[in-house]
1. Under 6 Å between Cβ atoms, which residue pairs at least 6 apart in sequence (or on different chains) link something in the range 1-16 that is on the phi < 0 side of the Ramachandran plot with a partner that is aromatic (F, W, Y) and surrounded by 14 or more Cβ atoms within 10 Å (Cβ to Cβ)?
2. Applying the selection to the range 164-183, what residues are out of contact with any Ser or Thr (no Cβ under 6 Å at 6 or more places or on another chain), without any contact (Cβ under 8 Å) to a residue 60 or more places away in the chain and surrounded by 16 or more Cβ atoms within 10 Å (Cβ to Cβ)?
3. Looking at D215 and the list (1) assigned to a helix (DSSP H, G or I); (2) acidic (D, E); (3) over 22 Å from Y100 (Cβ atoms), which single condition is not satisfied?
4. Pairs needed: first member in the range 211-232, of a type in the set (D, E, K, R) and modelled with pLDDT of 95 or more; second member anywhere, surrounded by fewer than 24 Cβ atoms within 10 Å (Cβ to Cβ) and not in a helix (DSSP H, G or I); C-beta distance under 8 Å; at least 6 residues apart or different chains.
5. Within the range 189-197, can one find any residue that is touching a Gly at 6+ places or on another chain (Cβ under 7 Å) and either modelled with pLDDT of 95 or more or on the phi < 0 side of the Ramachandran plot (or both)?
6. For the range 189-199, enumerate the residues that are in contact (Cβ under 8 Å) with a residue 12 or more places away in the chain, more than 14 Å from the chain's Cα centre (by Cα) and either crowded, with 22+ Cβ neighbours inside 10 Å or under 12 Å from L139 (Cβ atoms) (or both).
7. So which residues in the range 1-22 are closer than 18 Å to L83 by Cβ and modelled with pLDDT of 90 or more?
Amino acid sequence: MLEEIAERIKALPPLPKSFHQMTLICQDPNASSADLARVIEEDPMMVANLLKVANSPLYNFRREIKSVLQAVSLFGMSTTRSLVTDMSIKKLLQVDMAPYGVTPEEFAAISGLQSALMVQWYSKIDATKADFLFLAALLQETGKILIADEIVKNDEMYQFRSEIENSNNIADVEKMFVRMTSSEVAGLIFKHWKFEEKMVKAIEYVDALGVAPVDIRPYAVALKVVKTAIPINAPLSDRSINLALNILEKEKLDKQVFLETVTKLKEYY
């Protein structure tokens, strides 16, 4: 299936014009929240999705968010761009996650949980890396969309789903069926779309920490921890959280801050 996935990635359509507009706005020191809001407002579906996320208990805003400008002002331009980028990509790839045993809505919720955990946790570890890791956490499961598609095309859905249901290591199952992990597939997708190289590599090495470049490894470790705590088949289960804590212990990272963040997040899940 390696060849099929590679060909599928080459055939992916370009990202929408709005993605590049948002990037330019976020890089412009003179741009405002209103400028970003106007770009998002050109897509009514994007507006609906952003407001749905903004009013989610995950972000715990104290009042109902009724406009895009409100959402941008509360999230900040960088976080808003990350959220809308994720929504655009999932829309473009036409998500069908049946082989993983979840609906598209549940898959989106997993990505949202991973990113919420990342930003809440890493803001206390190194706030300078939090924005970058928020987007990476939102996007890191994207490779599963193409893997799911290939599994369906090859009529292996029931075998694959059966393996996924009780697996402690979803990456091993993916490798068994398609010879690549979803992290590797996601890395290829974002390389094709010319995302920042650091972003591509941070996602690509999530399941290969032992060979990750030194400058990339801290980002890949953080993504691995979040992905382990919130896997698609057992998000925030006691087993998943303990596996994530094991990674932190092995990496000699603070477990207490992470555990406090997870405990708080579970109140909304």
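1. L15/W193
2. Within the range 164-183, T181, S182, S183 qualify.
3. (1)
4. Every condition considered, the pairs that remain are R217/Y205; K224/D207.
5. yes
6. Scanning the range 189-199 gives a single hit, W193.
7. Within the range 1-22, Q21, M22 qualify.
Here is a yes/no grid of residues against (1) of a type in the set (G, A, S); (2) more than 24 Å from G112 (Cβ to Cβ):
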| site | (1), (2) |
| --- | --- |
| E197 | no, yes |
| E204 | no, no |
| G210 | yes, yes |
| Y219 | no, no |
| I230 | no, no |
| D238 | no, no |
| I241 | no, no |
| Q256 | no, yes |
| K264 | no, no |
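The values are calculated or read from the model by the stated rules, or taken from the named source; none is laboratory data. Everything numeric in this text was worked out from a predicted model, so none of it was measured. We place every Cβ from the backbone using ideal geometry, glycine too, and count neighbours over all the protein chains shown.
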